[in-house]
Each structure stands twice: as C-alpha cells, then as structure tokens.
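K.L.:
Before I ask anything, here is the structure I am working with.
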Amino acid sequence: MSSAIDSVLTETRVFGPFDRVAATANISGMDAYRALCEEAEADLDGFWGRLAREHLVWDKPFTRVLNDSDAPFYRWFDDGELNVSANCLDRHLGTPTANKTAIIFEADDGQVTRITYKELYERVCQFANGIKSLGYKKGDRAIIYLPMSIEVVVAMQACARLGITHSVVFGGFSSKSLHERCVDVGATLVITADEQKRGGRNIPLKSAVDEALSQAGTEGVRHVIVYRRSGSSVEWKDGRDIWMHELVEGQGTDCEPVPVNAEHPLFILYTSGSTGKPKGVQHSSGGYLLSALLTMLWTFDVKDDDIFWCTADVGWVTGHTYIVYGPLAAGVTQIMFEGVPTYPTAARFWEMIERHQCTIFYTAPTAIRSLIKAAESNDEYHPKKFDLTSLRIIGSVGEPINPEAWMWYFTHVGRERCPVLDTWWQTETGVHILTPLPGVTPLKPGSCTLPLPGIEAAIIDENGQELPPGTGGFLVIKKPWPAMIRTIWGDPERFKKSYFPPEAKGYYLAGDGAQRDADGYFWIMGRIDDVLNVSGHRLGTMEVESAMVAHPLVAEAAVVGRQDATTGEAVVAFVVLKRPVPTGEEAQQLARELRDWVGKEIGPIAKPREIRFGENLPKTRSGKIMRRLLRVVALNEEITQDVSTLENPAILDQLSQAY
Ligand code: PRX
C-alpha cells in the first residue's frame with residue numbers, strides 16, 4: 001500500500017429523503033435500514049441465513065451459513081444445493097410473472113423485440129438441451145463472446161442451468177485477450193456471433209474467435225456455437241462450428257436444471273489488476289445470486305410494475321449482476337440495448353426512457369458526462385426535450401461521479417424528484433456494497449454514502465489502523481459477505497496477496513482510496529494501485545505497458561493515467577524506442593502505429609490517448625521508474641516534487657517538451 005489520500009471535503013449540499021419514493025420503498029426509512037444493520041451486526045449467520053432461505057429456492061437446504069475455516073477463502077451456504085437458472089426463470093412459472101415481459105430488447109437500428117419470462121425459459125431450455133447434446137456438462141467452462149442481445153442472456157442462463165461455468169469476454173476485447181482468457185479458464189466451448197452491431201457499424205466477432213483458437217493452448221475447445229446476428233459470411237470450420245439456430249431446432253422446451261453446490265463457480269470474469277495479467281475473478285452460485293437479488297430489492301427498490309434499465313454491457317460485472325442475474329431473479333421487466341448512447345443521436349437514452357416508460361435507469365458517469373457535453377452543444381439532445389416523468393430512481397456506477405455531473409443528472413434527468421444512487425462496488429464484490437437506498441438515505445453529490453446492511457466498511461492506514469472521519473486512507477470491508485470473490489481462478493496465492501495482504505489485518509482490501517465524513521458517509525478518491533479507470537473500464541497500467549513492449553520497436557514503456565473531463569482518466573504512455581527519438585511526422589506516424597498495436601493486443605479501450613517518446617524514463621538510482629513524476633509530466637504541470645532520488649533529471653524536460 002503506497003500513497004494515503006488526504007483531501008478536504010467541500011461538498012455540503014444534501015438532498016432528500018424523497019417522500020414520493022420513500023412512501024412505497026422496500027426499505028422504508030432510516031429506522032428500517034438501521035434495524036437490518038443491527039440484525040446483521042448481532043448475528044451475521046442468522047441474518048444471511050434468514051435472507052437466503054426467504055429469497056432463494058434451494059434443491060437441498062443448507063445447514064451452515066458462513067464457513068470461515070479456510071479464511072480468506074470464505075464459503076457460504078456450502079452444504080446447500082440450488083440452480084441459478086431455476087432461481088431466475090422456473091420460479092416464475094405458474095405465477096403471473098410467467099407472462100410478463102422479461103426483456104424489451106432495442107436493437108442498434110431501433111427495432112424492438114419483447115420476450116416474456118415463459119418464452120425466455122423455453123429459449124434457455126432449448127439452448128441448454130442443445131449444449132447438452134454436444135456432450136457438455138457440469139464443471140465445464142465456456143467462453144461467451146457475444147454482443148448485447150437476448151441470445152447472450154440465453155447463453156449465460158443455459159450455462160448456469162447445466163452447471164457450466166461461463167466466462168464472458170467483452171466484445172471490445174481483441175482476439176489476443178480472448179485467446180488469453182480461453183487458455184486461462186481452460187474453455188472447451190465458445191459461444192459467439194458472426195458480428196455485432198454498434199453505432200451503425202458491424203464489428204466482426206467470429207473472425208476474432210477463429211484467430212484466438214488458431215493459437216496454441218486452445219486445443220481443448222471442441223465447439224464454437226455461432227449466433228447469426230448480421231448475416232455476413234464467416235469462415236467455417238466443419239465439425240467445430242455450429243449455428244445457434246440449427247442447434248436449438250427441434251430441442252425440447254424443458255430442460256431439467258442441474259443442482260449445484262452453493263459454492264459452485266457460476267462465472268469467472270477477468271478484470272485488470274496491478275500486474276500485467278488480468279485476474280479471473282471467480283464467483284459463486286448461491287451467495288452471489290442471493291445478493292444480486294437483494295440489491296435489486298434494496299438498492300433499486302424494484303416493484304412488479306417497474307421497467308428497469310441498466311445500460312452496461314454484459315461483458316462487465318454490472319451487466320452480469322444487473323442484467324442477467326439480478327433482474328431475472330427479481331422477475332422485473334428490463335430494457336436491454338444493443339447500441340451506443342450517441343447513435344443515431346446523443347438523445348438516444350432519453351428517447352428510449354420515454355419510449356419504454358423506464359422507471360429505474362442505471363448508467364455510468366462517463367456516459368452522463370458525454371451526454372452533458374452533447375446537450376450543451378445542441379438543445380435537441382437535452383433531456384428537457386423529453387418526457388422523463390416515468391423515472392423514479394436513477395443510478396450511477398463504475399467510477400467516481402463528480403458533483404457537477406451528479407447535479408446535472410439529478411436536475412435534468414431526475415428532475416429533482418428521483419434519488420441519484422451512486423453505487424460503489426467492483427467486479428470482486430459482485431454486487432453493490434456502498435450505496436444510498438431510495439427510501440432511506442439523504443444524498444450528497446459525489447458520495448456513495450453508506451454500506452448496505454450486512455456490510456461493514458472502514459478506512460484504514462498502511463498499518464491496518466482504522467482512521468477517524470476526515471482522514472483519507474484505504475477502503476476495506478471488515479467482514480465477509482455472500483457475493484464476494486471466492487478466489488482468482490487458478491491463482492489462490494494472488495487472491496490472498498491482492499485482497500487480504502497482511503497490512504489489511506484480515507479485512508478485504510478494495511484497492512480504492514476513500515474517506516468518511518462526520519456523518520459516516522464514504523467518499524471514494526480513486527484507485528490506490530496501478531489500475532486506471534477509463535470511461536468506467538478498468539485497465540492496468542502494466543497491462544498496457546506489456547502490450548507496448550511487445551512491439552518490436554519498443555524498448556521500454558511507462559503508462560500513467562491523466563484526469564480527463566469526459567472519460568475520467570485517459571491513458572498517457574511514455575515510450576523509449578530501440579532507435580533514436582522520433583520527431584515531427586515520424587513521431588506521429590509511430591504513435592498511430594503503437595496505438596493500433598495496443599488496440600490489437602488488448603482492445604480499443606486500452607489505446608493510449610497520448611504517446612510521448614523519450615531517450616529514457618525518469619528512474620531512481622536503483623532503476624525504478626518514477627511514475628509519480630510522469631503523472632505530473634502527463635498533466636503538463638511543473639514538477640514541484642522532490643527529484644533528488646532521480647538518476648536522470650534532464651529526462652523530465654525532454655518528456656515535457658515531447659508533447
Ligand atoms: O475504483 C472503483 C471504481 O471502479 C472500480 C471497480 O471497477 P470494476 O471492477 O470494473 O467494476 C465496475 C462496476 C462495479 C472500483 O475499485 N468505482 C466503481 N463504482 C464507483 C467507483 N468509484 C467511485 N464511485 C463509484 N460509485
């Protein structure tokens with residue numbers, strides 16, 4: 001743990017509580033919230049055990065709640081058995097929810113498809129039967145590389161139904177990233193599409209799969225199931241490749257769900273850490289689903305007539321929890337969107353809220369900030385031009401939301417009637433951890449407010465000492481919770497080192513700097529490790545550096561984040577070439593080449609915004625790159641910090657001028 005963060009809180013505005021929302025809220029006020037917190041504090045096992053019995057359907061009831069005998073590898077409900085897909089679909093059959101719309105799917109081109117819970121159940125069963133007919137079974141691992149579609153929900157649910165652990169790879173990742181994940185997870189099945197459609201463009205997926213599977217280490221993949229989205233022609237490998245529509249043809253519309261242990265890995269989702277290799281975050285079945293469902297009820301306060309919309313991609317944890325598992329377990333109607341917020345115009349989100357009468361809207365600060373920009377430059381894209389009165393709750397996730405963006409969202413989208421839920425959580429936490437509750441929490445712009453019931457969060461210093469309000473430090477969670485990460489797939493040591501280092505004294509170390517104010521509210525200050533947050537996407541600086549040095553011309557590279565008004569952070573790379581420092585047109589040409597290279601190595605989201613060439617990098621006498629100085633150089637600010645340990649001070653001038 002390195003830098004402690006100290007900043008003075010200046011935000012004093014408070015909004016709410018919101019009577020209109022509070023009147024019907026599932027957690028009806030501060031007293032009800034406190035009662036739940038106290039119940040959990042008094043008896044953690046009793047609390048989570050009660051909720052797991054009340055909210056999930058078990059094939060074999062559990063008798064033990066938390067098993068901490070192998071801490072920090074905590075296990076929950078670990079002698080119980082259930083099936084996640086049955087808890088999302090079968091439970092609604094024979095109830096009025098069966099004929100309710102599960103998903104309103106709006107395609108990139110505006111075409112709308114609706115599917116009821118009963119129909120979704122049948123589609124999932126047919127696909128599960130198809131996969132089963134190919135010989136796949138519980139314990140196998142499938143890579144899913146699909147666009148936003150009803151099909152991706154079907155694929156994930158079908159895997160869950162059979163006990164096949166899925167690992168979804170975001171469609172924006174390159175074939176190289178896909179290959180790494182296929183190998184690491186030991187996939188035997190890949191589910192993909194011919195192409196994806198985003199913002200009026202077709203982007204190939206199948207060809208990336210072909211390329212990934214042509215590389216060593218993927219010989220175990222027996223089949224590639226292909227959803228036909230665009231109809232473009234694709235290369236075909238007979239015996240391996242199968243069209244999804246052909247596979248499901250004639251398959252039965254019932255498929256017995258396979259009961260799995262509550263600890264059975266439902267999914268593995270890769271996320272960036274502070275070293276080059278992404279971590280396969282392993283999640284459970286029982287504990288994960290319980291909390292996914294509870295946060296739908298608590299945070300989003302869902303009711304039977306809600307129209308819920310989470311704009312995330314299913315390739316990220318937000319899409320897993322708040323598109324594929326939470327909303328379905330809760331039996332809510334949700335909107336799912338294939339495209340991007342700016343196509344065909346930057347009014348797309350507001351039009352869709354109006355068109356589908358959305359009541360709960362959940363998006364990312366980066367989207368909000370770019371839509372603010374668009375609305376300010378053209379009134380036609382301003383939310384005030386649209387009827388957004390259906391909204392009851394609006395939420396934010398993925399990165400800190402700056403108070404100005406918060407106020408705009410609250411004023412122009414929520415019309416000062418809807419609470420803004422700034423939800424803090426991570427791939428590893430599985431679900432919301434720190435968040436306001438609609439009927440409970442007075443809001444402060446820029447704060448994710450208070451922990452959910454059952455969560456004990458704190459701020460500690462580098463010695464594990466708890467810090468008082470107003471002092472910046474490291475955010476930790478003091479007790480295990482059901483949806484927490486179980487391990488890093490194949491690397492338990494890295495799991496312990498990353499999340500339970502000795503300095504954290506047995507607490508879960510989140511990797512974020514934060515502080516509390518006098519009311520106990522949490523304020524997140526950003527990552528404390530070498531992880532960047534670009535447009536809400538997590539990116540390791542080492543990951544980008546490894547990609548850059550893989551280029552034949554690059555000798556050395558250092559990557560830092562620079563604050564950016566729209567994307568939160570932007571990637572700035574400092575590069576030493578194996579040839580003299582380029583200038584002018586040559587430098588521009590090489591920078592373009594390197595950006596594209598990183599795009600191919602990781603994916604377009606990782607492309608550096610700016611690349612600066614130098615003869616060397618600022619290093620200490622022991623050869624360590626001084627990134628804190630590079631952060632200042634990236635901002636084009638003057639260096640006022642101590643540079644006495646720097647081996648080569650002149651390099652700072654060169655890199656400053658390189659821009
Ligand atoms: O730094 C925090 C930031 O995003 C990180 C987690 O990223 P990821 O695993 O990709 O999950 C994103 C979606 C849950 C955190 O360590 N972060 C997430 N939500 C917030 C946030 N930072 C501030 N405020 C938030 N509400």
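K.L.:
Please state, as a whole number in µm²/s, the translational diffusion coefficient that the Stokes-Einstein equation yields for segment 257-380 at 10 °C and 1.306 mPa s, with Rh defined as the Kirkwood radius across alpha carbon pairs.
P.N.:
97
K.L.:
Whenever you get a sec, line up Ser233, Ser177 from highest to lowest accessible area (probe 1.4 Å, protein heavy atoms).
P.N.:
Of Ser233, Ser177, the descending order of accessible area is Ser233, Ser177.
K.L.:
Need the list of lysines near Lys138 for cross-linking: C-alpha distance under 19 angstrom, and skip anything on the same chain fewer than eight residues off.
P.N.:
List returned: Lys60.
K.L.:
Moving on to the next point. If you split all Cα-Cα distances of segment 432-493 into 10 Å bins from zero, what percentages do you get per bin, shortest first?
P.N.:
Final binned percentages: 18, 38, 35, 9, 1.
K.L.:
Okay, moving on. Regarding segment 611-656, what's the average projected area of the Cα-atom convex hull, expressed in nm²?
P.N.:
3.0
K.L.:
What is the set of long-range amide H partners of Tyr227 at a cut-off below 5 Å, with H atoms built 1.01 Å from backbone N?
P.N.:
It is Thr192, Ala193, Asp194, Met244, by chain and number.
K.L.:
Summarise the accessible area of the chain (1.4 Å probe, protein heavy atoms) by the percent that is carbon and sulfur.
P.N.:
49
K.L.:
Another one. Karplus couplings for segment 633-641 from phi (6.51 cos²θ - 1.76 cosθ + 1.60, θ = phi - 60°), rounded to Hz, Gly and Pro as x?
P.N.:
4, 4, 7, 6, 9, 6, 7, 10, 7
K.L.:
Report the percentage of all Cα-Cα pairs in the chain whose separation exceeds 36 Å, rounded to a whole percent.
P.N.:
For the chain, the share of Cα pairs beyond 36 Å comes to 38 percent.
K.L.:
Mind checking which lysines have their Cα closer than 23 Å to the Cα of Lys578? Skip sequence neighbours fewer than 8 apart in that chain.
P.N.:
Lys600, Lys607, Lys619, Lys624
K.L.:
Provide the solvent-accessible area of Leu421, counting protein heavy atoms only and rolling a 1.4 Å probe, rounded to the nearest 10 Å².
P.N.:
Using a 1.4 Å probe on the heavy atoms, I get roughly 0 Å².
K.L.:
Roughly how many whole Å is it from the C-alpha centroid of segment 446-480 to that of segment 505-519?
P.N.:
Spelled out, the Cα-based centre of one part sits 3 Å from the other.
K.L.:
Okay, moving on. So if I place +1 on the C-beta of Lys and Arg and -1 on the C-beta of Asp and Glu, and nothing else carries charge, what would the dipole magnitude of the chain be about its Cα centre? I want it in debye, nearest 20.
P.N.:
In total the dipole reaches around 580 debye.
K.L.:
Quick one: Karplus J couplings for segment 539-553, per residue in order, coefficients 6.51, -1.76, 1.60, θ = phi - 60°, nearest Hz, x for Gly and Pro?
P.N.:
With coefficients 6.51, -1.76 and 1.60, one gets 9, x, 4, 5, 4, 5, 4, 4, 5, 5, 6, 6, 6, x, 8 Hz.
K.L.:
Quick one: Karplus J couplings for segment 63-70, per residue in order, coefficients 6.51, -1.76, 1.60, θ = phi - 60°, nearest Hz, x for Gly and Pro?
P.N.:
Going residue by residue, I get 10, 10, 8, 9, 10, 10, 5, 10 Hz, with x marking Gly and Pro.
K.L.:
Now for a different question. How much accessible area per residue does the chain have, in Å², with a 1.4 Å probe?
P.N.:
So the chain comes to 37 Å² accessible per residue, rounded to a whole number.
K.L.:
Any idea what diffusion coefficient segment 400-520 gets from Stokes-Einstein, in µm²/s, Kirkwood Rh on alpha carbon pairs, 10 °C, 1.306 mPa s?
P.N.:
102
K.L.:
Same structure again: Let me know the charge dipole size of segment 346-392 about its Cα centre in debye, to the nearest 20, where only the beta-carbon of Lys, Arg (+1) and Asp, Glu (-1) is charged.
P.N.:
Around 160 debye, computed over segment 346-392.
K.L.:
On the principal axes of its Cα set, how long, how wide and how thick is segment 492-586? Give whole Å, largest value first.
P.N.:
Computed over segment 492-586, the largest-to-smallest principal extents equal 55, 36, 18 Å.
K.L.:
Looking only at Cα atoms, what is the convex hull volume of segment 459-516 per residue, in Å³?
P.N.:
Output value, Cα hull per residue: 77 Å³.
K.L.:
A further question follows. Dividing the convex hull volume of the Cα atoms of segment 374-422 by its residue count, what figure in Å³ per residue is obtained?
P.N.:
78
K.L.:
Within the chain, which cysteines find no other Cys whose Cβ is under 4.7 angstrom from their own?
P.N.:
Cys37, Cys88, Cys159, Cys182, Cys310, Cys358, Cys418, Cys448
K.L.:
Between Leu635 and Asp109, what FRET efficiency comes out of the Förster formula 1/(1 + (r/R0)^6) with R0 = 51 Å and r the beta carbon distance, rounded to 0.05?
P.N.:
0.80
K.L.:
Please compute the length gained on full extension between Ala565 and Lys373, using 0.36 nm multiplied by the number of residues separating them and subtracting their Cα-Cα distance.
P.N.:
Here the answer is 68.1 nm.
The values are calculated or read from the model by the stated rules, or taken from the named source; none is laboratory data. Here the structure is a predicted model, which is why all the values come from computation and not from measurement. Quick reminder, even Gly has a Cβ in these numbers, built from the backbone with ideal geometry, and neighbours come from all protein chains shown. Surface accessibility is based on the protein's heavy atoms, side chains included, excluding ligands, DNA and RNA. Shrake-Rupley method; radii C 1.70, N 1.55, O 1.52, S 1.80 Å.
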